[in-house]
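Data first, discussion second: the structure below is written as structure tokens.
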Amino acid sequence: MSDLNDGRDGRDEYDGRDEYDEGDGELYDGLLEEELRQAAAILDPVPAELRRVAVDAFALRDLDVRVAELTFDSLVDGIPVRGETDPPRMLTFQSDGVTVDVEVTAQGLIGQLLPPGPAGIEVLSGPRAHARLTADDMGRFTGEAPPAGPFALRLRTGREVVVTEWLRA
């Protein structure tokens, strides 16, 4: 046998480099990603309802919105009152210059904006139709139906749009 053919069938020894250059790497990554997407779609498909909720949530986004963070929740921060079997849930959200106080009861929502002033308020609750409320000149608002499940409030004043964090009723 010759030294030229020692059983390797003409292949060079592996030198630790990948078999494609940088230009082919993006193509390979793209093909691998597509194969993984197809496998996930077959083995663990996203439920249609969840996909619809995700698309609706994306459609609800506002690019110029300010987010009001939850700073007080009576379920976490409140002191229990003796004898009260179903106390209302008190929430406070704050953003730069805007405070939203909300009381969630079995009868609905009661709230106030600070500084006081008129505003349009939407009770966001995922794919369901949004309840529309109006804050008066004193910043007070009420809603007849309590939110069920995750909800957030979108406030539209004359100057800005503020959305509260999402939480469960």
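Taking every alpha-carbon pair under 8 Å whose residues sit at least 6 apart, the stretch 92-150 reaches a relative contact order of 33 percent.
When the trypsin sites (Lys or Arg not before Pro) in the stretch 97-169 are filtered for DSSP coil states and for at most 12 other beta-carbon atoms within 10 Å of their beta-carbon, the remaining sites are Arg159.
Considering only the Cα atoms of the stretch 95-141, their convex hull presents on average a projected area of 3.7 nm².
When 1/r is averaged over all different Cα pairs and the result inverted, which Kirkwood radius in Å belongs to the stretch 28-169?
Result for the stretch 28-169 stands at 17.2 Å.
Computed from the coordinates by the stated procedures, all read-outs in this text should not be read as laboratory data. None of these values were measured; they are calculated from a predicted model. Note: ideal-geometry Cβ built from the backbone for every residue, glycine included; neighbour counts use all protein chains shown.
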